[in-house]
Every structure is written in structure tokens, then in C-alpha cells.
Amino acid sequence: MNISSTCSLHALSGYSFGVKDAQLDEDHSNAQRMARLHSEFTTMGMRRTVEAVLLVHEHGHPHVLMLQIANGFFRLPGDTLKPGEDEMEGLKRALSDKLAPPADVNVPGGPTIDTTWDVIELLGTWWRPNFESYMYPYIPAHITKPKEEKRMYLIQLPEKRLLSVPKNMKLVAVPLFEMHDNATRYGAQLASLPTLLSRFTFVKNL
């Protein structure tokens, strides 16, 4: 019985990169972030977040495309879902907001070029039980109302694409071997990706 899945990886050299208007965080500290989460939870309930795992290969090894902020903080492209927003539509909206080229470079913050995103499958779910930084890949037994649910989805990239990155961020390709068991640098969620991806057979295309 074959229970592995397949994902095609294309060479990093096949992608081109542009720059678009900066996208600033609403919060300037973790304390502000948790305070806003508390306020939103009171009025709207649990926050739902979606993130995308985009894979390429470099020197024959899988790499994850991640956004780097302030030369140190790494995150996957994604966003918080709007109230009532469909999960898949929200994921594709977030990807376009973060990485799709602007439709008109002369319109700051304007719409992006219509871009297709091929979602393969859900990789994992993380839960925030309290108004604290740490999240778990399960809901702790004593928690009945988690404060946030974050879902990570694997995206199949085409062979070539222009990716435009907000000018206050950098798009970096991080090899899986660098992320594995490296929660100190990347955090527990990103460090878990090599394990979550281990069941996939990668087909590397030149």
C-alpha cells in the first residue's frame, strides 16, 4: 500500500522577484499582539489564521520560501481570516496580498494581479490555548475555548512565477536541513515542517 503523497519542486532559479509597497504589522510588540487578540476574542471569538508552505529546490534539496522581517524574524506567508471568510478563499487572498505583483505600480496599496494558487493539502494545525505566545499542535485537555487556530497548507508552485514582496520584508529560501530541530532560530511551528513534509515524495524538476 502506497500512502505517500507527491509534490513537484521547481528550481529556485526559475522564479523572479519584485518589490511592492511595505505592509506594516498592526502590533509593535508581543504584548500589543496579545492585547489585540484578547480584544478580538471578546467580540469575535477564536481567531482563525492560515499560512502557506511554498517549496522550491536549490542544489537538489527542498527549500521553504519564508518572509523575513527585521533580519531575524521568520514567518510563512498568510493572514488572519476575516469574520465569515472561507478558509481557501482567505488563504489565496493572503498569498496574493503578500506575494502577487501589483496590478498597477502607480497605485500604492492597490489591487494585485489575479494569481492562481494551487492548494495541495493541509499539513498541520496549531492551537493557542491562552493569550500567550506559545502554540501547540493539539488542544490541551483542560482548554475548552482556544484563542486561535492556525492551519498550514502546502501550495504547489508553477515552474515559473513573478513573486512581489513588500519592501519591508525579504523572501528567503530556507533548506529543510537548516529548519529541522532548530526551534531556537525558527520557532516550534517552522521547525516542525521537515517532519510534516517527510511523507511526501518530491519530484525535482530542473
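Points to keep in mind about this one:
- Distant-in-sequence amide H partners of Val19 (H built 1.01 Å from N, under 5 Å): Val165
- Solvent-accessible area of the chain (1.4 angstrom probe, protein heavy atoms only): carbon and sulfur portion equals 53 percent.
- Sequence ranges 12-24, 83-95, ranked by mean other-Cβ count within 10 angstrom, highest first: 83-95, 12-24
- DSSP finds beta bridges in the chain, and of those with both partners inside it, around 60 percent are antiparallel.
- Applying 0.36 nm per residue to the separation of Ala173 and Glu40 and subtracting their alpha-carbon distance, the gain on full extension is 44.6 nm.
- Relative contact order [Cα under 8 Å, 6+ residues apart], the chain, whole percent: 34 percent
- With protein chains left intact and a 1.4 Å probe, residues in the range 41-173 average 49 Å² of accessible area per residue.
- Couplings for the range 37-44, taken from phi via the Karplus curve 6.51 cos²θ - 1.76 cosθ + 1.60 with θ = phi - 60°, read 4, 4, 5, 5, 5, 5, 9, 10 Hz in order; Gly and Pro are left as x.
- Taking 0.36 nm per residue of separation and subtracting the Cα-Cα distance, full extension of the segment from His61 to Asp97 would add 10.2 nm.
- ³J(HN,Hα) computed for each position of the range 135-141 - Karplus, 6.51 cos²θ - 1.76 cosθ + 1.60, integer Hz, glycine/proline x: 10, 10, x, 6, 8, x, 4
- For the pair Tyr134 and Glu159, label points projected 7 Å from Cα toward Cβ lie 4.7 nm apart.
- Residue by residue, the range 57-71 carries 3J(HN,Hα) couplings of 10, 9, 6, x, 10, x, 10, 9, 7, 10, 8, 10, 10, 6, 6 Hz when phi is fed to the Karplus relation 6.51 cos²θ - 1.76 cosθ + 1.60 (θ = phi - 60°); x denotes Gly or Pro.
- For a paramagnetic label modelled on Asp86 (point 7 Å from Cα along Cα→Cβ), amide N atoms under 20 Å away belong, within the range 140-156, to 151-156.
- Amide H contacts for Glu148 (H built 1.01 Å from N in the peptide plane; partners 5 or more residues away or on another chain; cut-off under 5 Å): Arg47, Arg128.
- For Ile120, residues with placed amide H under 5 Å, excluding near neighbours: Leu154, Ile155, Gln156
The values are calculated or read from the model by the stated rules, or taken from the named source; none is laboratory data. The shown structure was predicted, so the numbers you read here are calculated from the model rather than taken from an experiment. Because the Cβ atoms are built from the backbone with ideal geometry, glycine has one as well, and the counts that use them run over all protein chains shown. Only protein heavy atoms, including side chains, enter the accessible area calculation; ligands, DNA and RNA are left aside. Shrake-Rupley method; radii C 1.70, N 1.55, O 1.52, S 1.80 Å.
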